[in-house]
Structures are given as C-alpha cells and as structure tokens.
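Reading through the structure tokens given below for one structure.
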Amino acid sequence: MSSNVMMTLFLDGVRQTDGLCSFSRKVLFTDAETWIKNALENTPLQNIISTDKQTVFTSEKQALSAAKLPEDAEHILVMAVAMPELTKSDFSKIAALHLAIGQDVTVFAGNNVAYCENAVIRDENDAVCKIGTGNGYRALPAAIFKKSALEKVIGKAENLFDAINLLVSDGAAVEVCNVDDVTVLTDGIKAYEAQKKLVMKINFGYIAKGVQIFSPENTFISPDAQIEAGAVILPNCLIKQGCKIGANATIGPNTVLEKAEIGAGTNVNNSQFTESTIGESATVGPFAYVRPNCKIGDKTRIGDFVELKKANIGNGTKVSHLTYIGDADVGERVNFGCGTVVVNYDGYTKSKTVIGDDCFIGCNTNLVAPVTLGDRVFTAAGTTVTKNVPDGALTVARSRQTNLEGWNDRRRERMAAENK
C-alpha cells in the first residue's frame with residue numbers, strides 16, 4: 001500500500017446556526033460542495049468521502065466519529081466547513097507540502113479567518129504557538145492528517161481544531177500552509193460574500209480574455225461557461241451551467257441562458273434560452289422564450305413574444321412576433337406572420353408539424369398537427385390548416401367575406417335613439 005494515497009473527507013452532516021449544511025449552500029448556480037470538488041479534480045486529494053448527507057449531526061465530534069475512513073488512504077484532508085474560494089493550486093500546494101515534510105497534521109491557514117482561538121501549532125521556528133488573532137496565523141477549518149494520527153482523536157475531539165490540540169499535546173508535529181484569503185461558509189451572509197468574490201473573479205477572468213462585460217457586478221456566469229473573445233455581455237444576465245457563446249455574440253441585457261449554445265455574431269436580447277442551440281448571425285428577442293430541444297439555424301430571426309419548444313428552425317427563417325412553434329421541423333427561409341400557432345397538442349397527444357423551405361405563413365395561421373406543408377407553400381391570413389399542403393400551393397381555410405352595406409350606420413342610429 002502506498003504511503004502517499006490521499007483522500008478528502010467532508011463533514012457535510014454538520015448544520016450551522018441557521019440549520020443548513022455548509023457544503024449544501026448555494027453559490028452561483030450550484031452548491032459549495034461542487035465548487036470544492038471541481039477544485040480538487042486532478043489533485044492528490046480528488047478522491048472524496050463524506051459523512052451521510054441525510055444525517056443531521058449536532059457537532060463536528062459526531063460527524064468525525066461517524067466517518068468511515070477508507071483502508072487504502074494514508075492521508076486524509078478533513079474539511080469541517082466549506083470554502084468554495086479554495087483553488088486547485090491551493091489543494092495541490094498543501095498536499096505537496098504535507099507529503100514533503102511528513103508531519104502528522106498540515107493546517108490550512110489564511111490571514112482573514114479567526115476560526116479557533118485554542119488550536120496549537122508550531123510556527124516557522126518550530127516553536128509552539130496558538131492559531132488565532134494576534135498569534136501570527138489564523139486557521140481555516142481544514143487540515144490534512146496522517147490517517148494514523150486522525151484515528152487517535154476520533155471520538156475524543158470536540159471539533160477539528162480540538163483534534164489538532166490533542167495531537168500536539170501527544171507530541172504530534174504540525175505544519176502550517178498559508179493559502180489566499182477565503183470566506184468560510186458559516187452562514188448565508190458568508191455564502192453571499194463568497195459568491196460576490198467568485199462572480200468578480202470569473203467575470204474579470206473573461207474580461208482579461210477579450211470578453212466585454214458592461215457591468216461585472218450585475219452579471220452572473222457559471223464557471224463552466226465557454227465564452228469566446230469578442231463576445232459582449234450586457235447587464236443583468238444569468239449565464240448558467242453548460243453554456244457556449246461564440247465570438248462577437250451579444251447577450252442581454254436581462255437574458256437567462258442555461259445549457260445554451262449561441263453561435264458567433266448572434267444577439268440574444270431580453271430573453272430566456274434553455275437547452276437549445278442557435279447558429280451564427282441570428283437574433284433572438286426581445287422577450288423570446290426558447291425551451292429545450294430546439295435547434296435554430298444561421299441568420300434566423302426569433303422575435304418578440306415568440307415561444308419555441310422542440311423545434312428545428314432552418315437557416316434564414318424569420319419568426320418575428322407573437323408566435324408559438326412546438327414539435328416542428330421548419331425549413332429554410334420561411335417567414336411566419338404575426339400570431340401564428342403550431343397546434344401541437346390535442347389534450348392527450350403531442351403531434352409533429354413539418355414545414356418545407358421558402359414558405360410564407362400568413363398572420364393568424366393555425367397549423368393543426370400532425371400536418372405537413374411542402375416547399376413554397378403560402379397560407380392565407382387567418383387560415384386554419386388541418387390537411388397536408390403540396391409544394392407551391394396557396395391554402396385558404398376561412399369563410400368568404402360578406403359586406404352588408406349601411407348595416408352599421410343603421411345600428412348606430414337605432415342605439416342613439418334608444419339611449420336618449
């Protein structure tokens with residue numbers, strides 16, 4: 001068995017003063033545990049164990065006592081409270097120091113956290129000193145233990161730092177590794193403070209790579225987003241997990257993207273776009289709603305108050321306003337008039353509509369699925385289409401217009417007389 005096998009233990013069953021677990025707190029579209037797990041990837045500490053998330057522990061002592069330490073790990077990072085600002089380099093640095101020096105415990109330390117006044121460590125001159133305000137170090141609630149040392153204090157220590165005290169009293173050697181200042185998520189306010197820092201870190205990282213962000217303090221971008229140089233992000237945008245934004249695209253203002261792929265040069269304005277893709281040089285919005293499983297082509301127009309769901313829209317097609325398209329395949333260069341509805345649901349079954357290339361769909365057309373329109377079809381305004389339409393045809397489905405001359409003048413005279 002290798003003496004260098006390392007693992008990480010989250011004490012994520014311990015609730016804070018407001019009853020929430022530190023690791024489950026939401027931080028920028030995900031939870032703190034996910035932030036830390038992502039930072040642990042490709043480090044010696046990436047293998048995770050944790051206490052039972054469903055168990056509410058009243059103390060770190062209970063959580064430590066309940067933890068099942070793996071047999072194949074010789075070194076264990078114990079995190080009592082989440083710190084999502086810790087980075088991959090932080091974890092790699094402290095793991096390397098712990099292995100190189102070979103002490104029983106290596107403590108995370110920073111300059112802005114006074115978590116425990118009583119924990120005892122050795123300073124840089126190997127003299128014993130306290131971790132706490134005014135003593136040179138302020139400890140973070142995380143430390144790497146040799147497994148053999150940790151096993152000595154499980155069931156005895158009241159908390160993580162008490163475990164360090166007990167080991168020091170027993171003659172254990174303790175090392176300190178400084179990391180950048182981080183926020184410890186002891187409550188919702190601290191989670192908010194950590195999120196503010198992470199938001200600015202992400203946003204300025206994109207700005208440094210050539211993305212223009214007009215209002216970094218009012219723009220929220222998931223860390224896994226991919227945004228190419230030249231893109232512009234306007235204020236009040238939420239760019240959630242799984243998004244890809246091409247070069248010179250403009251997003252916002254007031255736009256929500258989630259698992260969305262936006263092509264180069266495309267503009268998404270005041271809209272929501274979820275689990276769908278759109279090509280290059282297209283426009284969306286304002287006030288469009290693109291629901292999951294849509295694939296929209298290049299140079300398309302998805303206008304105001306348009307809703308799409310499970311729709312394939314061909315290159316050059318324009319859906320300008322007040323239109324619903326669901327469960328449909330739409331060809332290229334199709335023009336949709338205002339008020340068009342793809343009637344895809346009969347109360348029991350959702351059916352498909354197919355529209356060919358170069359069609360003109362007149363205003364207030366209803367396309368009652370299942371129905372197929374060939375290429376170059378023209379639907380007259382106000383038409384309800386219930387049967388397939390061949391290539392190049394005009395389809396009209398409405399009553400003929402009848403004019404009753406003088407009818408309204410006579411009605412107005414009658415109403416005026418009755419209301420005298």
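Only the coordinates and a few stated rules stand behind these numbers; no lab work does. Worth saying up front: this structure is predicted, and the values here are computed from it rather than measured. Glycine gets a Cβ as well: all are built from the backbone with ideal geometry, and neighbour counts include every protein chain shown.
Placing +1 on the Cβ of every Lys and Arg and -1 on the Cβ of every Asp and Glu, with no other charges, gives the chain a dipole of roughly 1700 debye about its Cα centre.
Once C-alpha pairs closer than 8 Å and six or more residues apart are averaged by separation and normalised to the residue number of the stretch 271-395, the relative contact order reads 15 percent.
Set against the 2.2 N^0.38 Å expectation for a compact globular protein, the stretch 209-290 has a Cα radius of gyration ratio of 0.91. For the pair ARG376 and LYS209, label points projected 7 Å from Cα toward Cβ lie 4.7 nm apart. Note on MET415, MET83: ascending count of other Cβ atoms within 10 Å places them as MET415, MET83, the fewest first.
Farthest towards the positive end of the charge dipole of the chain, among the residues SER148, VAL56, PHE161, is the Cα of VAL56, using unit charges on the Cβ of Lys, Arg, Asp and Glu.
Of all DSSP-defined beta bridges confined to the chain, some 20% are antiparallel rather than parallel.
Report the extension gain between LYS350 and LEU404 in nm, rounded to one decimal, defined as 0.36 nm multiplied by the number of residues separating them, less their alpha carbon distance.
Taking 0.36 nm per residue and subtracting the Cα distance, the gain is 15.3 nm.
For the stretch 165-220, a simple Cβ point-charge model (Lys and Arg +1, Asp and Glu -1, everything else neutral) yields a dipole of about 380 debye relative to the Cα centre. The ranking of HIS321, HIS98 by Cβ neighbour count inside 10 Å, starting from the fewest, reads HIS321, HIS98. A straight chain from GLN226 to SER148 at 0.36 nm per residue would run longer than the Cα-Cα distance by 23.8 nm.
One quarter of the convex hull surface built on the alpha carbon atoms of the stretch 271-395 amounts to 6.3 nm², the projected area averaged over directions. Under 5 Å between amide hydrogens, built in the peptide plane, is the criterion, and for THR384 it picks out ASN366, ALA397 among residues at least 5 positions away or on other chains. What's the FRET efficiency of ILE189 with VAL5 using the Cβ-Cβ distance as r and R₀ = 41 Å, to the nearest 0.05? That gives a FRET efficiency of 0.60. For the stretch 144-165, backbone nitrogen atoms closer than 14 Å to the point 7 Å from SER59 Cα along Cα-to-C-beta are found at 154-163. Cross-link partners for LYS295 among the lysines, with Cα-Cα distance under 26 Å and sequence neighbours closer than 8 places in the same chain left out: LYS240, LYS244, LYS259, LYS309, LYS310, LYS318, LYS350, LYS352, LYS387.
Based on Cα contacts under 8 Å between residues 6+ apart, the chain shows a relative contact order of 8 percent. Going from the residue with the fewest nearby Cβ atoms within 10 Å to the one with the most, LYS309, LYS350 rank LYS350, LYS309. Our coupling estimate for the stretch 5-20, obtained by passing each phi through the Karplus curve with A = 6.51, B = -1.76, C = 1.60 and θ = phi - 60°, is 5, 10, 9, 10, 10, 8, 8, 8, x, 8, 8, 8, 4, 8, x, 9 Hz, Gly and Pro reported as x.
At a Förster distance of 25 Å, what's the computed FRET efficiency of GLU158 paired with ASP18, Cβ-Cβ distance as r, to 0.05? Plugging the Cβ-Cβ distance into 1/(1 + (r/R0)^6) gives 0.75. Between the entries (i) 20; (ii) 41; (iii) 15, the label attached to percent of Cα pairs over 42 Å apart calculated for this structure is (ii).
In nm, to one decimal, how far is the modelled label at LYS295 from the one at SER89, with both set 7 Å along Cα→Cβ? Here the answer is 4.1 nm between the modelled labels. For the listed peptides 159-168, 192-201, 405-414, a ranking on the average number of other beta carbons within 10 Å per residue, highest first, reads 159-168, 192-201, 405-414. Between the amide H of VAL27 and those of ALA32, distances stay under 5 Å, these residues lying 5 or more places away or on another chain, with hydrogens modeled in the peptide plane. For the stretch 271-395, a simple Cβ point-charge model (Lys and Arg +1, Asp and Glu -1, everything else neutral) yields a dipole of about 160 debye relative to the Cα centre.
Taking amide hydrogens as placed 1.01 Å from N in the peptide plane, the amide H of ASN47 sits under 5 Å from those of THR8, each at least 5 positions away in sequence or on another chain.
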